[in-house]
Amino acid sequence: MKQKIIYLKSAADLYQDNFREFQETIFSNLPGIKKITQQLAIAVTIGFLFNWLQIPVGWLLGPMAVGIGYAITGGNKKPLPATFGIVGQAIIALTTATGFSVDTLAIAKMYAIPLLLYILITGGMSLFNGYLLWRFSPLDMATSIIGCIPGAAPSLVAMSEEMGADAIATAILQYIRVLLVALIVPAVASLFFAPDSPQIPLAIISTQSNSSINMGWELLILTGCGFLGNWGGKKLKVPLSIFLGPFIVGLIAVWLLPFSLQVPPFVFAVGLIFVGLSIGVKFDLKTVYKLRQAVLIEIVLVILLILICLGVGYEFHLMTRVDSLTGVLGASPGAISAIMASTIQLGGDSGWVLTMQMTRMLIILLITPWVASFFKKSNS
C-alpha cells in the first residue's frame, strides 16, 4: 500500500515538473510569438491595402514589403519558422492545381500542334531573355531564368528558393513582367485587334463540376492533399517537393473526384501572406545593388517579349479559326487575371484564352524544376 502511495506522489511530481517546463517554454518563447504575431498583423494590413489599391498580387507583395522592412530594421534574417513558408507554398500549389480542368486538355487537343508551337516559341524566347539578363546583369543564372519565365508568377516565386534562386529578385522580376503585360497587352489589343467572325465559340472553361461539397470537407480534403503531397514528394525525391508534391496530388484529386474542389479566396490570401512574409524577412541590402541594373534590362526584355508574343498570337490566329483578338490575348506572357478581364471586356473568346494560358502554365510548372536544375548544374 505504501509503495502505491509513493508511486502516485511520483506521478504527481512528474506532472508538475512537466507542466512547469511547459510554462517555462511558453514564457521563454513569448517574445518570439509576440514578434511573429505583430509581423502577421502588419502583413495582413499592408496586404489588404495593396489589394485594395489593385496592385498585382497585392496579398503577396504587401507582406513581402513588410518582411523587407523588418529585415532592414531588425537585422534578423529568419524570424519566421520554416512552417509558414511550407504551408504557404502548399496553399499556392493546391490553388494552382484546382485551376486546371480536364476540359482544358480536351479543348487544347483541337489545335495541339499550333498550341505546342506557341508554347515552344514563347517559352524559348523567355529562356533567351533569362540568358541575356544573366549575361548583362549581376544576377545568377537560376534567378535570371526563373525570373523571366512567363505565367504562374506566385507559384514560381514560391518555389524559387528551392531551385537555388534569389526569391526576392525573382519576385521583383516576375511582377515587373506582370505589371508591364497588364498595362501594354490590353491597350495594344484594343487598339489594333478586334474579334473577327466567324470564330469557334468556346464557353468559359469551368473548373467546377455539377456537384459540390461542404467547405469544411473541402478544406479537409485539400489539407490531406497538402500533407500527402509534401510527404510523398520527399519520399520519392521529387524536385521542389514542397511545391510540386501538393500540386501533383491536388491535380490528381481535382481530376478524379466526382465533385469540385476550390481553395477559398481567403485561404489563398493566407498562403500569399505566408510566402510573401517568409521571402521578405530574408531580404539582403546587397540585392538592391544587384537589381538596379537588372530591373532596367528586364523592362527592355519584357517589352520585346510582349511584342514577339503579340506576333506569335497573330500567327496562331492565321493557323486556326480563332479570332485575332483572342490569339494575341491568349499568347500574352502571363498576367492571366488582367488578360481574362480584358478578354471578356473586349469581346474575345474567354475559353480559348484560358486554354492557351492554362496549357502553357501546366507545362511550365512541370518542366521548370528540371530546366532550373540543368542551368544550375551547367553554371556550376
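The values are calculated or read from the model by the stated rules, or taken from the named source; none is laboratory data. From a predicted model like this one, the values you see are computed outputs, not experimental measurements. Using ideal geometry, Cβ is built from the backbone for each residue, glycine included, and neighbour counts are taken over all protein chains shown.
Within the range 352-380, restricting attention to residues that are modelled with pLDDT under 70 and buried (at least 21 other Cβ atoms within 10 Å of the Cβ), the residue that is nearest to Glu162 (Cα to Cα) is Ala372. Within the range 169-189, the set of residues being modelled with pLDDT of 80 or more and among the hydroxyl-bearing types (Ser, Thr, Tyr) comprises just one member, Thr170. Every condition in (1) at pLDDT 80 or above; (2) within 26 Å of Gly216 (Cβ to Cβ); (3) out of contact with any helix residue (DSSP H, G or I) (no Cβ under 8 Å at 6 or more places or on another chain) holds for Lys235 except the one numbered (2). Looking at the range 59-71, is at least one residue among the hydroxyl-bearing types (Ser, Thr, Tyr), buried (at least 18 other Cβ atoms within 10 Å of the Cβ), modelled with pLDDT of 80 or more and assigned to a helix (DSSP H, G or I)? There is at least one residue in the range 59-71 that is among the hydroxyl-bearing types (Ser, Thr, Tyr), buried (at least 18 other Cβ atoms within 10 Å of the Cβ), modelled with pLDDT of 80 or more and assigned to a helix (DSSP H, G or I). For the range 321-351, the candidate set comprises residues that are modelled with pLDDT under 75 and not hydroxyl-bearing (Ser, Thr, Tyr); within that set, the residue that is nearest to Leu307 (Cα to Cα) is Ala335. When the range 134-168 is filtered for residues that are over 20 Å from Ala82 (Cβ atoms), part of a helix (DSSP H, G or I) and either modelled with pLDDT under 85 or not hydroxyl-bearing (Ser, Thr, Tyr) (or both), the ones remaining, listed by number, are Trp134, Arg135, Phe136, Met141, Ala142, Ile145, Ile146, Gly147, Cys148, Ala153. In the set Lys282, Lys237, Lys290, only one residue is more than 14 Å from the chain's Cα centre (by Cα) and at positive phi; that residue is Lys237. Residues in the range 282-312 that are modelled with pLDDT of 80 or more and either among the β-branched types (Val, Ile, Thr) or in contact with a Leu (Cβ under 7 Å, 6 or more places away or on another chain) (or both): Ala294, Val295, Ile297, Glu298, Ile299, Val300, Leu301, Val302, Ile303, Ile306, Ile308, Val312. For residues that are touching a Pro at 6+ places or on another chain (Cβ under 8 Å) and among the aliphatic types (A, V, I, L, M), scanning just the range 22-43, find the one that is modelled with the highest pLDDT. Step by step, filter the range 22-43, then rank; the result is Ala43. Residues of the range 109-134 that are of a type in the set (Ser, Thr, Tyr) and surrounded by fewer than 20 Cβ atoms within 10 Å (Cβ to Cβ): Tyr131 alone. Candidates are the residues of the range 72-91 that are modelled with pLDDT under 80 and farther than 18 Å from Thr37 by Cβ; the one that is nearest to the chain's Cα centre (by Cα) is Lys77.
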